[in-house]
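The values are calculated or read from the model by the stated rules, or taken from the named source; none is laboratory data. Computed from a predicted model, the values in this text were never measured in an experiment. Cβ placement follows ideal geometry from the backbone for every residue including glycine, while neighbour counts extend to all protein chains displayed.
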Amino acid sequence: MTDGYGIPLGRVLAGANRHDSPLLAPILDLLEHLGPLPDDITVHLDAGYDSDKTRTELAARHLHGRIAHKGEKAPIQASERWHVERTHAWQNAFHRLARCYERRATVANAFFDLADTIITVRSLIRRAWTTHRWDDRPKRRP
């Protein structure tokens, strides 16, 4: 789960080759730990979530969902999903996470926490570089 800028907000670990839709309820449960949220949250989901069960789960939580439809080309519908995909690519850049051989979930979560911290700090620095100005600011990015 990420915010609109791709900053990781939470995750649910699961084994490889598992379908995403059973993990929707646990990931939406993580929203409660984020504190007060805006009233108009839009959840962008890929075509793997295109089912009535998903729509019922979102409606029960009073969330608006934009779900890609099965059988349609992804680039047309993936207007807001690229933030999540970009975050996945950033996480995969940490090769320890791309192929995780850890048996304990706490160790895998620790590696993801470290990677998500680095991703968040890099994102905040990148955003601050373009939004904040000061007199002795370096002329180019390092």
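Among the residues of region 27-39, those identified as surrounded by 13 or more Cβ atoms within 10 Å (Cβ to Cβ) and more than 11 Å from residue 57 (Cβ to Cβ) are 30, 31.
Working only within region 16-44, note down all residues that are in contact with a strand residue (DSSP E or B) (Cβ under 6 Å, 6 or more places away or on another chain) and touching a residue at least 24 places away in the same chain (Cβ under 8 Å).
Within region 16-44, 42, 44 meet the criteria.
For region 40-63, state whether one or more residues are surrounded by fewer than 13 Cβ atoms within 10 Å (Cβ to Cβ), closer than 24 Å to residue 123 by Cα and small (Gly, Ala, Ser). No - not one qualifying residue is present in region 40-63.
Results for (1) within 17 Å of the chain's Cα centre (by Cα); (2) assigned to a helix (DSSP H, G or I); (3) at pLDDT 80 or above; (4) small (Gly, Ala, Ser), shown as yes or no for each residue.
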{"site": "54", "(1), (2), (3), (4)": "no, yes, yes, no"}
{"site": "87", "(1), (2), (3), (4)": "yes, yes, yes, no"}
{"site": "102", "(1), (2), (3), (4)": "no, no, no, no"}
{"site": "130", "(1), (2), (3), (4)": "no, yes, no, no"}
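Take the residues of region 27-44 that are aliphatic (A, V, I, L, M) and assigned to a loop (DSSP other than H, G, I, E, B): which is farthest from residue 106 (Cα to Cα)? Taking the candidates together, the pick is 41.
Residues that are hydrophobic (A, V, I, L, M, F, W, C) and not in a loop (DSSP other than H, G, I, E, B) were ranked within region 15-26; the one that is surrounded by the most Cβ atoms within 10 Å (Cβ to Cβ) is 24.
When residue 76 is tested against the conditions (1) out of contact with any strand residue (DSSP E or B) (no Cβ under 7 Å at 6 or more places or on another chain); (2) surrounded by 11 or more Cβ atoms within 10 Å (Cβ to Cβ); (3) modelled with pLDDT under 80, the lone failure is (2). The listed residues are 61, 55, and the only one of them that is in contact with a Leu (Cβ under 9 Å, 6 or more places away or on another chain) and among the basic types (Lys, Arg) turns out to be 61.
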